[in-house]
Amino acid sequence: MFKNHLNIAWRTIKKDKLFTFIKIGGFAVGIAACLLIALFIRNEVSYDEHYANKDQIYRVVFQGEVQGEVMKSTHFQLPFADALQSDFPEITKAGKVNTIEIFGAGKRGMRVNGQKENTFEENFVLADQETFDILEIQLQEGNPQTALSRPSSIVMSRSKADKYFPNGDALQQTIFLDNDTSKPYTVTGIMEDVPENSHLDFDFLLPIEDTNQNWTNQNYFTYVLVNPNTDIPALEQKMSLIVEKYIIPAQIKRGRSADFIDVLRTAEYKLQPVTDIYLKSDLKMQDGLKHGDIKFVWLFAAIAIFVLLLAVINFINLSTAKSANRAKEVGLRKTIGAFRNNLVGQFLTESVIFSIISFVLGVVLAWALLPTFNQIAAKNMELPLSAWWFLPILFAAGVLVGILAGLYPAFYLSAFRPVNVLKGTLSVGSKSGRLRSGLVIFQFTTSVILIIGTLIIYRQMDFIVSKELGYDKERVVVLEGTNILGNKMEAFKEQLAELSQVKSVTATNYLPIDGGSRNGNTFMVDGQDDGGRGVPAQKWRVDYDYINTLGIQLKAGRGFSKEFAYDSINSIVINSKMASELGLKDPIGKKLDNNSQIFTIIGVIEDFHFKSLKEDISSLSLVIGKDVGAVSVKLEKGNPAEALASVEQVWNRTIPNQALNYTFLEEEFTQMHADVQRMGSIFNSFALFAILVACLGLFALSAFMVEQRRKEISIRRVLGAPFKNIYQLLTLDFLKLVVISIGIAIPIGWYLMNRWLEGFAYHINIGWEIFSLAALIALGVAIVTISYQSIGAALLKPTKGLRTE
Amino acid sequence: MLLELNNIFKWVTTGGQRIFLLKDINLQVEQGEFISVMGPSGSGKSTLLNVIGMLDTFDEGEYNFMDESVYSLKEKHRANLYKQYIGFVFQSYHLLDDLTVQENLEMPLIYKKVKGSERKAMVADMLDRFNIVGKKDLFPAQLSGGQQQLVGVARALIANPKLILADEPTGNLNSKQGEEIMELFKQLNEEGVTIIQVTHSEKNAEYGSRIINLLDGRMV
């Protein structure tokens, strides 16, 4: 019996190749899309799942309200971790990590003792011995108890050790960072490479050598390992004691007002599970780490389900549409002795076989598309083909989906009464017509929503890229790893500025891009009592050419100038936002108090976007200072390659033993919105999948509609109906459904995309033109799809359609 | 007695009016009979055949098949009955297009859960008997009408039915092919198979041992 089912299924496939292709192909596309999304989601939720003690590891978050706005911070004071460990028995260990460039994290030039060439390396992180244990860093060589306990130690990953010491003798070797031969580092450990799906990514670990035990500077991530079964909310509550015991006394000592202290008292500590850091962190935390977005995970999961649903619907639709052809078979089989369950079995077997073939094709398709998808998603995912559970689960899913998709057609088809079929009185298809219309509407509604989403994401991206930023990102080259210049910095800058292709040069890592330095400061108007709260603002250390190199517009006053000696001591330039936050109508000449240091406002600049466009522009100030992590060079118009060559010459003259690393400000800006762009591309590709599946469905459905109405069409042709008439007859039926779908999709799409846009402080407004365009696309695709069939039918010779009767 | 119809009525209601398809049919069929049902188009011949074959229901009356009252049987039981004892032959052959001759013949046996080896033997037997061994791997579309009907008859016979119902078995055939099929029926009848055929042709009707004439659903 089963062999016979297989046989029939195979013949059915062979008999109607186009139909089979659409049925299986559409399904396979759906499965491939689903698989890829599943891989993506699996990767996103797998972050930090590798810690054995993941349920006991937390990152500390500080959370308070300043002037009605919730502030969150993940940076803490140096002694904070020790205090946690000694004051709270629930906390087994507390460790600190520093990722800030001026402390030596981030990008460094590195050189093995005895070699001449420096190599630019990006992933330096500072950590203490406790962090080693908390984050379960596995040492392959070296003593894990002491690897980071002494100054000037360095721990590197296996792959970096193999790169620099191919002979495997890395341990105890000497390394210089940024050309600084006065401070040799000793390799004290080789660790396993940090898994790609870790929130904290590093190739090199350096010990924390900062000894400033004050309670006012906040520079360290703090991780804790708690005892099993610790009551976390209770512990969080208890941790507030830290504020009272250490922070408030220190702030009072610094002379902060009582109001400020009151604000501090309302703040609280939160413990964020390590597994939440990647996906569920708040933008406000500004931890500078790479993050995913749980909203996207849900969104993609929804898309995956919808694409699969569309494919399954196609499957059901096509199966019932074909019922006309199979009704006779059902009737016959019943008269020669088939029971209903025989037929149900037959149709289910067929469906399962179709489904399994589709799954196989789907896996192959996913496998073929994975490299492209990896590129789009900036990930390194693999199909877990060798995992013991993968193929069995897929097989089970294939059988299950096959059965589910086959149930309706199976029961629908097997219910035909033989006498009706054989007498020819059964009007197949009319009964299921409404259901099929419903399914078509569902498919197209989904597709139109996805089209709307695609269009809006595209527009928003375009908006971001072409937005006036308040600074000029064009033709600005950012040289990285310039710490290495040390005291040669001034000379280097001068030499660059002398180049004819260079307009101006500025040295600072405080740049309006990701990876630029950031800080948090509080300013008060000097002598004005605002309750001591002050205005939180960035204080960027820049040089004299910063404002004109970045093309920032001055609104009032002047920029920094070497003519005024005091500019390098106590002059400050603020942005418009900060002026209004401070409540200053005429800010020039006013004095500001920052940590008891007094600055005089000499200029006000226009606001410029120094964060992602997801966020509002906040208060920012510029002072003259040293921050030499990067040098930005504004080029004259002309051939950038030539200009770069000249810049490189100067660099090589100054630093002969390290290659120049550079990037363009414009690229970095795009990079800052790469996550949005990436999500947009992923969304768009899957929207395309969905639309493709829906169109395949429509194509096949219209084919069968035409086949069913062949006799009617022939009769109409005999009676003299013109081509146009028949074409309309066939096409309008489907277009009606598409129009209904558009009507349903627009409000849903509007609502959903509005929610998405709300995530951007700066975004486009959704206008009618987007909906019109989406509607036009949907209609156009539908018309093309259907026309292929209906034109063919309308041109049919009438005798052909009638002869079969 | 193989089957017995007593006062069978069948109607459809359109616009509040009953239109009778079968009206007061009384018929007894003995084992081994060969009955021809005749009548003009729309007289109820096929309906009668379908009722006898239990493919269709009736609204009033009594139908006993091998001493079982068909009316009181459940659908499933009824289906069992006809599957076991009745073979059908159709005007337009109604072979399964996707199956070869051999597989078409095998199908009823599969549904009857006959074992594979036994099935093969029965099919081979039937192919041999109908002289179509050479055609066993062909699909219906590759056969002439007469050959298709031959397969149709063979398929009806393969499960050893007590009764063969043939609805205009020669309707789509030319006269020579038709004659062959009728000769075949005659021969089968002589071997003991009961046959009820519907036909338009006086000549074919003559093959039967008894002729029933229908007009507007009544026996005349």
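The values are calculated or read from the model by the stated rules, or taken from the named source; none is laboratory data. This one's a predicted model, so the numbers in the text were calculated from it and none came from an experiment. Quick reminder, even Gly has a Cβ in these numbers, built from the backbone with ideal geometry, and neighbours come from all protein chains shown. Side chains are part of the model used for accessible areas, which takes the heavy atoms of the whole protein and leaves out ligands, DNA and RNA. Shrake-Rupley method; radii C 1.70, N 1.55, O 1.52, S 1.80 Å.
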Looking only at lysines whose Cα falls under 17 Å of B:LYS112's and that sit 8 or more positions away or on another chain, we get A:LYS3, A:LYS334, B:LYS76, B:LYS83, B:LYS120, B:LYS162
Here, A:ARG265 and A:SER561, labelled 7 Å along Cα→Cβ, have an inter-label distance in nm of 4.9 nm
So the compactness index of the protein assembly as shown, its C-alpha Rg divided by 2.2 N^0.38 Å, takes the value 1.37
Relative contact order of region B:3-219 (C-alpha contacts under 8 Å, at least 6 apart) in percent is 34 percent
Log entry: pair-distance distribution for chain B, C-alpha pairs binned every 10 Å from zero, whole % per bin is 8, 33, 35, 19, 4, 0
Expressed in nanometres to one decimal, the distance between label points 7 Å along Cα→Cβ at A:ARG158 and A:THR670 is 3.6 nm
Taking every C-alpha to C-alpha distance in region A:514-625 and binning by 5 Å from 0, the per-bin percentages run 2, 12, 24, 27, 20, 11, 3, 1
Here the residues of region A:649-688 lying in the modelled label zone of A:ASP180, meaning backbone nitrogen under 16 Å from a point 7 Å along Cα-to-Cβ, are none
Cα-only Rg/Rh for region A:54-277 with Kirkwood Rh rounds to 1.02
Binned at 10 Å starting from 0, the alpha-carbon pair-distance distribution of region B:1-131 in whole percents comes out as 10, 33, 31, 20, 5, 1
Net charge (Lys, Arg +1; Asp, Glu -1) of residues whose beta-carbon lies under 10 Å from that of A:GLY168, A:GLY168 excluded, is -3
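In debye to the nearest 20, how big a dipole does region B:3-219 give about its Cα centre with +1 on each Lys and Arg Cβ and -1 on each Asp and Glu Cβ?
440 debye
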For A:PHE165, A:PHE120, A:PHE463, the accessible-area ranking with a 1.4 Å probe, largest leading, is A:PHE463, A:PHE120, A:PHE165
Here, region A:20-176 modelled as identical Cα point scatterers in vacuum has Debye log10 I(q)/I(0) at q = 0.11 Å⁻¹ of -0.69
Expected unfolding gain across A:LYS614-A:LEU752 under the 0.36 nm per residue rule, minus the alpha-carbon gap, is 48.0 nm
In order over region A:557-567: 3J(HN,Hα) from phi, Karplus 6.51/-1.76/1.60, θ = phi - 60°, whole Hz, x for each Gly or Pro, gives x, 9, x, 6, 8, 6, 5, 9, 4, 6, 4
Expressed in nanometres to one decimal, the distance between label points 7 Å along Cα→Cβ at B:LYS203 and A:ALA659 is 9.7 nm
Between the alpha carbon centres of region A:81-129 and region B:36-84 the gap in Å comes to 91 Å
Normalised per residue, the volume inside the convex hull of the alpha-carbon atoms of region A:672-805 in Å³ amounts to 107 Å³
The lysines whose Cα lies under 18 Å from the Cα of A:LYS245, excluding any fewer than 8 residues away in the same chain, are A:LYS253, A:LYS270
In debye to the nearest 20, the charge dipole size for the protein assembly as shown, taken about the Cα centre with +1 at each Lys and Arg Cβ and -1 at each Asp and Glu Cβ, equals 3960 debye
Toy charge model, Lys and Arg Cβ at +1, Asp and Glu Cβ at -1: region A:1-42 dipole around Cα centroid in debye, rounded to 20, equals 180 debye
Projecting the Cα atoms of B:SER46, B:GLY217, B:SER72 onto the charge dipole of region B:3-219, where Lys and Arg contribute +1 and Asp and Glu -1 at Cβ, the residue farthest towards the positive end is B:SER72
For A:LYS637, the lysines lying under 16 Å Cα to Cα, once residues fewer than eight places off in the same chain are dropped, come out as A:LYS473, A:LYS503
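For the pairs A:LYS93/A:LYS280; A:LYS322/A:LYS724; A:LYS54/A:LYS611, flag any whose C-alpha to C-alpha distance is greater than 30 Å. It would help to have the intermediate numbers written out before the result.
Working: A:LYS93/A:LYS280 23 Å; A:LYS322/A:LYS724 27 Å; A:LYS54/A:LYS611 32 Å.
Listed pairs above 30 Å: A:LYS54/A:LYS611.
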In the neighbourhood of A:GLU122 defined by beta carbon distances under 9 Å, the net charge of the other residues (Lys, Arg +1; Asp, Glu -1) is -1
Note on chain B, DSSP bridge orientation, antiparallel percent to nearest 5 equals 50 percent
Between B:ASP56 and residues 5 or more places away or on another chain, the pairs with built amide H atoms under 5 Å apart involve B:VAL51
Charge tally for neighbours of A:TYR566 with beta carbon under 14 Å away, counting Lys, Arg as +1 and Asp, Glu as -1, is +1
The alpha-carbon center of region B:154-220 and that of region A:31-60 are separated, in whole Å, by 73 Å
At R0 = 51 Å the Cβ-Cβ FRET efficiency linking A:LEU773 and A:LYS626, nearest 0.05, sits at 0.45
Relative contact order as a percentage, region A:476-672, C-alpha pairs under 8 Å and 6+ apart, gives 37 percent
So the FRET efficiency between A:ASN214 and A:PHE463, C-beta based with R0 = 51 Å and rounded to 0.05, is 0.70
